[in-house]
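These notes are about the structure you will find just below.
Every number in this text was worked out from the coordinates using simple rules, so none of it is lab data. For clarity, every value in this text was computed on a predicted model and none was experimentally measured. Positions of Cβ are backbone-derived with ideal geometry, glycine not excepted, and every protein chain shown enters the neighbour counts.
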Amino acid sequence: MMKISSIFINNSEDYVTIPAIRKFIDENPELNIKYLDKKDELWEALKTFGEKSKENENKVLDWLDSVCREGIKDIYLSCQSLSDFSSLQISDDEKINMFLKKSIHKDFEPHICSNIYEKDFILINAFSEESTLGKRLVFMYCKRLTVYDKKEMRRKDVDFPVIAEYYIENSWLLIKVKPRSNIYQYTGKDFNIDTAISTTIEKQVKEVQEKVSDLLNFSHDDYSKEEILKNRLFELLKLYTNTPEEIQAVLDNQEEMIEEMSQQIKDLCNLNDSQKGDVHDDIQNIVEKYLSIIWKDKEIFIKDREAYPIKLNATDDEASRVEQVAGFAQPLQTKAVFFDNKKMLYKSKKCDNIELKWKRKNRKYFSESFLVNISVNSRGVCILKFREYVVQEDIENVLSKIITV
């Protein structure tokens, strides 16, 4: 009988949603499963299909493994350079396959659902694949954790998969994990909440990162990646808040007036030429600000854009802080506060945190867009938070904009 982990079947877990199941069914017509309204009915149909043959079982289990790489996820992105020795170890496909083969735990099946786990992470599978961001190595880890509800005074033991992906060509390491709270180290039947050792998602991510680092022998650079990643977030903000053509046309048409006003202020205040340039930019920013606020067709800030920001945080070199939030799902670019702080953002070219509404590539099974929060912490790690089911294609699209912007 095919075993499916409770993290997938349990409705409260949200590892898999009904649209995700229906997408899998549509992409595999040989399943011959009708559209069913209830999740438990869909799971029963999938299990029935999987138990017909080993080939069918692997198809379902492969899909569930892929689910661990998408959906509701926290993704930790960091730049990790390989040592010269490691680079030689994975310099071609043959060497990569040999390296990965000897890294996998031999006593475990290569599927998340096919094993019984204890308190330590086990590398159950590792493979290489091509992606839109180049060749990557994928490491699938899993362990057991205990979740305890103090209000209900109830515990449950859960499988806890964590996926690491390393992009060879540009040295980016991704660690994907489903967010959880109230988690404790697994002790089996001996669990006692009074003596239980609590843990966090961040600690679990760090544990997997250390395991991947030991495998790939990363060279630990002395310089911090924090400033680099904050600049990447600024470039992302800049990409999705460029001045709409309609408003730019008005600004261009009024350039003579803006230049005349900046000259008058220069003469009045006896400013030098560089200061006059600042005045010019300030006046232009004020004009753009009020045009954006009063512009009736707010679609100009959304159309032809795959994403737009609704929230951001930033700090400049003098520790001045910007915190901007638009109304739910409203473009931040239509709010006065964005332009009040635009000069600081463009001067520092850094952004600490940004939340964007992002259009999906495939909208057949899911909503038209999703929210993603992207932040950079003091350790030089970029953290992406997806709080609804997002498929791998859309996750890669977001990542590509951070990595290549």
Q: For a label point 7 Å from the Cα of Ser213 along Cα→C-beta, name the residues of segment 46-87 whose backbone N is under 20 Å from it.
A: 75-87
Q: Could you work out how far helix 392-404 tilts from the main Cα principal axis of the chain, as a 0 to 90 degree angle to the nearest 10?
A: 40
Q.
What are the ³J(HN,Hα) couplings of segment 280-286, residue after residue, when phi is run through the Karplus curve with 6.51, -1.76, 1.60 and θ = phi - 60°? Round to Hz, x for glycine and proline.
A. 4, 5, 5, 5, 4, 5, 5
Q. With charges only on Cβ, +1 for K and R and -1 for D and E, what is the dipole size of segment 242-304 about its Cα centre, in debye, rounded to 20?
A. 300
(Q) Along the charge dipole of segment 6-67, pointing to its positive end and built from +1/-1 on Cβ of Lys, Arg, Asp and Glu, which listed residue (Thr17, Ala45, Val60) has its Cα farthest out? (A) Ala45
**Q.** Amide H within-cut-off set for Trp172, under 5 Å, with H built and near neighbours excluded
**A.** Gln80, Tyr167
**Q.** Under 16 Å from the Cα of Lys59 - lysines, other chains or at least 8 residues apart
**A.** Lys3, Lys23, Lys47
Q: Any chance you could run the full-extension gain for Lys206 through Arg180? It's 0.36 nm times the residue separation minus the Cα-Cα distance, nm to one decimal.
A: 7.9 nm
Q. Roughly how big is segment 64-138's charge dipole about its Cα centre, with Cβ charges of +1 (Lys, Arg) and -1 (Asp, Glu), in debye to the nearest 20?
A. 80
Q. Each label point is 7 Å from the Cα along the Cα-to-Cβ direction; what then is the distance between the points at Thr195 and Glu388, in nm?
A. 4.6
Q | Cα centre as origin, Lys/Arg/Asp/Glu Cβ charges: the chain dipole, Debye | A | 1460
Q. Along the charge dipole of the chain, Cβ charges K/R +1 and D/E -1, which of Leu251, Thr187, Val205 sits furthest on the positive end?
A. Thr187
Q: Enumerate the calculated ³J(HN,Hα) couplings along segment 40-55 in order (Karplus 6.51 cos²θ - 1.76 cosθ + 1.60, θ = phi - 60°), each rounded to whole Hz, writing x wherever the residue is Gly or Pro.
A: 5, 5, 5, 5, 4, 5, 5, 5, 4, 4, x, 7, 6, 7, 5, 4
Q. How many nm is it between the label spots at Glu41 and Asp14, if each spot is 7 Å from the Cα in line with the beta carbon?
A. 2.4
(Q) Sort 264-270, 305-311, 210-216 by the packing proxy (mean of other Cβ within 10 Å over each peptide's residues), most packed first. (A) 305-311, 210-216, 264-270
**Q.** Unsatisfied cross-links (Cα-Cα over 23 Å) in the set Lys350/Lys401; Lys203/Lys357; Lys95/Lys135
**A.** Lys203/Lys357
Q: Output ³J(HN,Hα) for segment 121-133: one whole-Hz value per residue in order, computed from phi by the Karplus curve 6.51 cos²θ - 1.76 cosθ + 1.60 with θ = phi - 60°, and x for Gly and Pro.
A: 5, 10, 7, 8, 7, 8, 7, 10, 7, 8, 9, 5, 9
**Q.** Mean Cβ neighbour count within 10 Å, used as a protection proxy, ranking 225-234, 343-352 highest first
**A.** 225-234, 343-352
**Q.** Amide proton proximity set for Ile72, modelled H, under 5 Å, gap of 5+
**A.** Val390
Q: With a 10 Å radius around each residue's Cβ, average the other Cβ atoms per peptide and rank 85-96, 391-402, 283-294, highest first.
A: 391-402, 283-294, 85-96
Q: Just check segment 73-222 against the gyration tensor rule for me: Cα atoms, a ≥ b ≥ c as the square roots of the eigenvalues, rounded for a/c under 1.5, and otherwise prolate or oblate depending on whether a/b exceeds b/c.
A: prolate
Q) Which entry in (1) 24.2; (2) 21.8; (3) 22.5 is this structure's computed Kirkwood radius over Cα pairs in Å? A) (1)
Q: Report the full-extension gain for the segment Asp281 to Arg379: residue separation times 0.36 nm, less the Cα-Cα distance, to one decimal in nm.
A: 31.8 nm
Q. Loop-only check: which GluC sites (Glu not before Pro) in segment 122-190 are DSSP coil with at most 16 other Cβ within 10 angstrom?
A. Glu130, Glu152, Glu169
